[in-house]
Amino acid sequence: MAKKLFNFCIFLMGLIPALALAQSLTLPWSNYAHDSQHTAVSTVSSQPLTRIKWQTAVDLNPQYSGNDLFIHYGSPLITAANSVIVPVKTGATDGFRVDVRSGVDGSLKYSLSTDYSFPPHNWTPSYGPALTVRNRLYWAGAGGTVYYRDQPDSMTGAAGQIAFYGLSNYFSDPTTFNSNVRVSTPLIGDRYGSIFFGFVVLGPNSQNLKSGIAKIDYRGVGSFVTASAAAGGDASITEVPTNCTPTLSDDQRTVYFAVSNGSSKTGYLVSVSSVNLAPTGRVRLVDPKSGLDAQISDDGTATPMVGPDGDVYYGVLENPFPSNHDRGWLLHFNGALTQVKTPGAFGWDDTASVVAAKLVPSYQGKSLYLVLTKYNNYADVEGDGVNRVAILDPNDTETDPITGATVMKEVISVVGPTPDPAFRPGLPNAVREWCINSAVIDPITRSALVNNEDGILYRWDFTTNSLTQSVVLTAGIGEAYTPTVIGVDGTVYAINNATLFAVGP
C-alpha cells in the first residue's frame, strides 16, 4: 500500500508543471504576453478581422521623431468580465493614468490616477499594470510603490498603496524615495496573487535600497533581491534592464529576469525563488557567434519566455553590433540555466510566443512546441529589408545565412506585404517592418495576429502559411514594438500610432 501511495505521489508531482501551465492559461489576459510565462497563447478564438469596433488613445501627448514614435506602450489587460484595462500616457515626457473600459463598445467605466515617474531612459519605457487571480489590479506609483484596486470591473472597490520596503518607510521621506526609487518594468502576477517587478535606485535612501526585483505577496508583504545578489554577488551588476518583465516558471517556484552592469549593457539571465527571492541560477548572456558578451538594451522590451518544457528564451543584441543586422539573438537555456541550447537568429526587442507543433500542419519534426518571433532583416543596418515573421523549431538546427551561426531551424515564415519606399529601388524587395514585441497565438484558428508598421493588423494562418485577413488601423508609422492581444469575447487588440484598436466583425 505504501509503495502504491508513493507511486501515486510521484505521478501527481509529474503533473504539477502541466497543471500549473493549464491553470495559468485559463486566466484572462492578466499580464504582458497573457500569462506569467509570457507565452502569448490565447484560450479564446479570435473574431474575424473585419472592422475597427472602437478605439482609444494610449498617449495623450505623443512625441514624434520625424515619422517615428519611439515609445513602448504597455499591454492592455482584459478581465474575465470583459473590462479592458488601458495604461494611458498623459504628458509629453511623463505622467500616466489607467483607464478601465467596456470591451463591448470601449465606453469608459472609470479612470485610476498615479503619481508614477519614469526611470531615466532613451526610448520611452512601457507602463504595465497586472491583474491577479484574486481579482486585484496593481499599477505602479511613485517611489517604487504600487497602487491596487479590488473589483476592477466595478465603479467601486477596496483600494490602497503598498511599498515593498514598507509604506511607513516611504511616508517617512516620500520626496527622497520619489526622486531615487522608480519601478522600471511592467508588473506581473502569479497564481497565488503575488506580484513581481523590477525597480531602479538612482540615489541614497534611508533603507539603503539597491536596484533589483521586488515581490509583494497577496497579504501585502514586500521583499526584494538586488540585481547584484541575484547575479551571485557580481559587484559590477547594477540593474534589471528597463522593460524586462519578470517571468515565472510553469510550477511558479522560480522567477527569471535579466540583469546588467548598466554601462556596457552586459550581464546575466538569472533565476530566484519565487517564495523568498533567494538566487537559484545564473548564466552569462553571450553572443553565440562571436563569444563576446551580448548586449542587453534598455531600449527594447525583450522579456524571458518559459516554454511548456521549462526551457527559457530571452532576446539580446549582438556583439559586435551590428554584425547580425541589428537582429540580435534569441538565447535558449534549460530551466536550471545550466545548459546553453540552440539560439534563434532574431532576438531584438521581442518576446517569443509558443506555438503548439500540431498547429502547423506542414511541420514534420519531433518537437511538441515551436516558437514564433519577428524575423526582420533591417535595411538600414546592412540587411536586405525582407522583413518576416517566423516560426522556429527550438530542437532542430540550420546554418544562418547572415552570420554562419548554427541557429533554430525555420519551419515557416511570412514576408511583410507592403513595399518600403524608403529603401527602394536600391533594395527592390524591402518591405515595411513587423512591429510586434509579443504576437498573440490563436490555437483555435491556427493563426497569429501580427501588427505591421504599414498600419495594418494581419492574421497569419499557419495552415496555408499566408496572411488571410487584415484590417487597416492607420496610414502607418515607424514605431517601437507593441503587443497584440485577444479579449475574452474574441476581440483582437492592437496598438498603432499611439492608439489602441479593438478589431472584430
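The values are calculated or read from the model by the stated rules, or taken from the named source; none is laboratory data. These numbers were taken from a predicted model, which means no experiment stands behind them. Quick reminder, even Gly has a Cβ in these numbers, built from the backbone with ideal geometry, and neighbours come from all protein chains shown.
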For region 178-187, does any single residue satisfy the condition of being in a helix (DSSP H, G or I) and free of Cβ contacts under 8 Å to residues at least 60 places away in the same chain?
yes
Restrict the check to region 373-381 and report whether at least one residue is closer than 24 Å to Thr43 by Cα and of a type outside the set (D, E, K, R).
yes
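Mind listing whichever residues of region 65-84 are in a loop (DSSP other than H, G, I, E, B), touching a Phe, Trp or Tyr at 6+ places or on another chain (Cβ under 6 Å) and buried (at least 16 other Cβ atoms within 10 Å of the Cβ)? Spell out how you get there, then give the answer.
Of the residues in region 65-84, the ones in a loop (DSSP other than H, G, I, E, B) are 66-67, 70, 72-76, 79-82.
This time we only want the ones that are touching a Phe, Trp or Tyr at 6+ places or on another chain (Cβ under 6 Å), so: 70, 74-76.
Result: Gly74, Ser75, Pro76.
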Would you be able to say whether some residue in region 163-179 is surrounded by 24 or more Cβ atoms within 10 Å (Cβ to Cβ) and under 17 Å from Asn31 (Cα atoms)?
no
For region 226-252, how many residues are within 20 Å of Ser184 (Cβ to Cβ) and under 21 Å from the mean Cα position of the chain (by Cα)?
12
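Answer with yes or no whether Asn465 is touching a strand residue (DSSP E or B) at 6+ places or on another chain (Cβ under 6 Å) and surrounded by 24 or more Cβ atoms within 10 Å (Cβ to Cβ). Working first, answer last.
On the way: touching a strand residue (DSSP E or B) at 6+ places or on another chain (Cβ under 6 Å): yes; surrounded by 24 or more Cβ atoms within 10 Å (Cβ to Cβ): no.
No: the conditions fail for Asn465.
Restricting attention to region 122-162, and to residues there that are part of a loop (DSSP other than H, G, I, E, B), aliphatic (A, V, I, L, M) and free of Cβ contacts under 8 Å to residues at least 60 places away in the same chain, which single residue is farthest from Gln207 (Cα to Cα)? Give the derivation first.
First, pick out the residues of region 122-162 that are part of a loop (DSSP other than H, G, I, E, B): 122-123, 125-129, 132-135, 141, 151-158.
Pick out the ones that are also aliphatic (A, V, I, L, M) and you get 133, 155, 158.
Among the residues that remain, those that are also free of Cβ contacts under 8 Å to residues at least 60 places away in the same chain are: 155, 158.
Working: Met155: 36, Ala158: 28 Å.
Ranking the qualifying residues of region 122-162, first place goes to Met155.
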Mind counting the residues in region 238-272 that are touching an Asp or Glu at 6+ places or on another chain (Cβ under 6 Å) and among the hydrophobic types (A, V, I, L, M, F, W, C)?
1
Scan region 324-345 for residues that are buried (at least 20 other Cβ atoms within 10 Å of the Cβ) and β-branched (Val, Ile, Thr) and report the count.
1
Residue that is surrounded by the fewest Cβ atoms within 10 Å (Cβ to Cβ), among those in region 267-279 that are within 13 Å of Ser228 (Cα to Cα) and not hydrophobic (A, V, I, L, M, F, W, C)
Pro279
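How many residues are over 21 Å from Leu137 (Cα atoms) and either in a strand (DSSP E or B) or acidic (Asp, Glu) (or both) if we restrict to region 188-202? Full working, then the answer.
To start, the set of residues in region 188-202 that are over 21 Å from Leu137 (Cα atoms) comprises 200-202.
From what is left, the residues that are either in a strand (DSSP E or B) or acidic (Asp, Glu) (or both) are 200-201.
Total meeting the criteria: 2.
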Kindly indicate the residue of region 322-380 that is under 17 Å from the mean Cα position of the chain (by Cα), assigned to a loop (DSSP other than H, G, I, E, B) and not aromatic (Phe, Trp, Tyr) and also nearest to Gln295 (Cα to Cα) among those meeting that condition.
Gly328
Select the strands (runs of 3 or more DSSP E) contained entirely in region 216-320, then report the ones holding at least 3 residues which are among the acidic types (Asp, Glu).
none
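What residue, of Pro87, Pro119, Pro48, Pro62, is on the phi < 0 side of the Ramachandran plot and in a strand (DSSP E or B)? It would help to see each step written out before you state the result.
Details: Pro119 fails: in a strand (DSSP E or B); Pro48 fails: in a strand (DSSP E or B); Pro62 fails: in a strand (DSSP E or B).
Testing whether each residue is on the phi < 0 side of the Ramachandran plot and in a strand (DSSP E or B) leaves just Pro87.
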Would you tally the residues in region 95-115 being touching a residue at least 60 places away in the same chain (Cβ under 8 Å), β-branched (Val, Ile, Thr) and farther than 14 Å from Gly487 by Cα?
0
Just to be sure I understand, how many residues within region 351-405 are over 19 Å from Asp250 (Cβ atoms), hydroxyl-bearing (Ser, Thr, Tyr) and either crowded, with 16+ Cβ neighbours inside 10 Å or in contact with a strand residue (DSSP E or B) (Cβ under 6 Å, 6 or more places away or on another chain) (or both)?
6
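Looking only at region 96-111, filter to residues that are in a loop (DSSP other than H, G, I, E, B) and touching an Asp or Glu at 6+ places or on another chain (Cβ under 8 Å); which one of those is farthest from Pro152 (Cα to Cα)? Working first, answer last.
Of all residues in region 96-111, those in a loop (DSSP other than H, G, I, E, B) come to 103-107.
Filter again for touching an Asp or Glu at 6+ places or on another chain (Cβ under 8 Å), leaving 103-104.
On the way: Gly103: 13, Val104: 16 Å.
Among them, the one singled out is Val104.
Considering only region 385-411, state which residues are part of a loop (DSSP other than H, G, I, E, B) and either over 23 Å from Asn452 (Cβ atoms) or in contact (Cβ under 8 Å) with a residue 60 or more places away in the chain (or both).
Asp400, Pro401, Ile402, Thr403, Gly404, Ala405
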Scanning for something under 27 Å from Tyr481 (Cα atoms), among the hydroxyl-bearing types (Ser, Thr, Tyr) and out of contact with any Leu (no Cβ under 9 Å at 6 or more places or on another chain), does region 270-282 turn up at least one residue?
no
Could you figure out which of (1) in contact with a helix residue (DSSP H, G or I) (Cβ under 6 Å, 6 or more places away or on another chain); (2) surrounded by fewer than 24 Cβ atoms within 10 Å (Cβ to Cβ); (3) within 24 Å of Pro304 (Cα to Cα) isn't true of Leu202?
(3)
Only one of Val259, Val255 is surrounded by 19 or more Cβ atoms within 10 Å (Cβ to Cβ), out of contact with any helix residue (DSSP H, G or I) (no Cβ under 8 Å at 6 or more places or on another chain) and at pLDDT 95 or above. Can you tell me which?
Val255
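Would you confirm whether any residue within region 413-434 is closer than 27 Å to Asp309 by Cα and crowded, with 24+ Cβ neighbours inside 10 Å?
Applying the first criterion (closer than 27 Å to Asp309 by Cα) to region 413-434 yields 413-414.
Imposing the further condition that a residue be crowded, with 24+ Cβ neighbours inside 10 Å reduces the set to none.
Checking region 413-434: not a single residue is closer than 27 Å to Asp309 by Cα and crowded, with 24+ Cβ neighbours inside 10 Å.
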Output the qualifying pairs, or none if there are none: Cβ atoms under 7 angstrom, residues six or more apart or on different chains, first residue in region 307-329 and within 16 Å of Met408 (Cβ to Cβ), second residue among the basic types (Lys, Arg).
Asp311/Lys341
Report yes if Asn205 is touching a Ser or Thr at 6+ places or on another chain (Cβ under 7 Å) and either outside any loop (DSSP other than H, G, I, E, B) or at pLDDT below 95 (or both), otherwise no.
no
